[in-house]
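Encoded as structure tokens, the structure appears first; notes follow it.
Read-outs: derived from the displayed coordinates by stated rules, not from any lab. No experiment lies behind these values; they were computed from the predicted model shown. Counting neighbours? That spans all protein chains shown, and the Cβs are built from the backbone with ideal geometry, glycine included.
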């Protein structure tokens, strides 16, 4: 089921929960778990982290500095300048259109057999119009149910958004990867354990800071976070998120 969001009188549908706006009447139970305690409402969405990780991509930042020219020009035409630290302004300006679903297809009646049809998102049926309508509906439900279920097992489900979420997002994990990456970029001379202390990883690791095994475990966690965050940053620049596939050497 798609999440929906109101923009004026227009309703947009999303595969995953969009950031909350003032126009949304959504209970807390309908939102994903927050990435951290007291997180702002707009951060309870994978689309926020898509934007946040794209801002960490140095090549894309360079593209923004060059007003959208260069190797990432195609991506820039869709995502635009993300340098401003205001996600909701970017989202309202057009970011939401990258992830929302296109309008629902309508049922089409063909009086003559069609020569072409979209066989990925549609199925052609020949329905007799002389039988009992209730029985026809019951038979259609039984016939279409497995077809609909099969469509939803595809890698992208039944989503037709311009940009598809690559894998099921876990916001707490994405947030941890983001803050570790940012701490590393802002503190290039810090040790892995220093980064662990800055980002709360040390506190969440068993033992205390004077314990060798504690330091080793926390530092190993940071190395893993950095490696995976590097993949997230690279792949978001390729239009895929969240994708942990290691970048090419």
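Of all residues in the range 162-174, those being touching a residue at least 40 places away in the same chain (Cβ under 8 Å) and either surrounded by 19 or more Cβ atoms within 10 Å (Cβ to Cβ) or part of a loop (DSSP other than H, G, I, E, B) (or both) number 9. Only residues that are assigned to a helix (DSSP H, G or I) and touching a helix residue (DSSP H, G or I) at 6+ places or on another chain (Cβ under 7 Å) were counted across the range 176-215, and they come to 15. Taking the stated definitions as given, is residue 218 over 14 Å from residue 174 (Cβ atoms), surrounded by 14 or more Cβ atoms within 10 Å (Cβ to Cβ) and touching a helix residue (DSSP H, G or I) at 6+ places or on another chain (Cβ under 7 Å)? Yes, satisfied.
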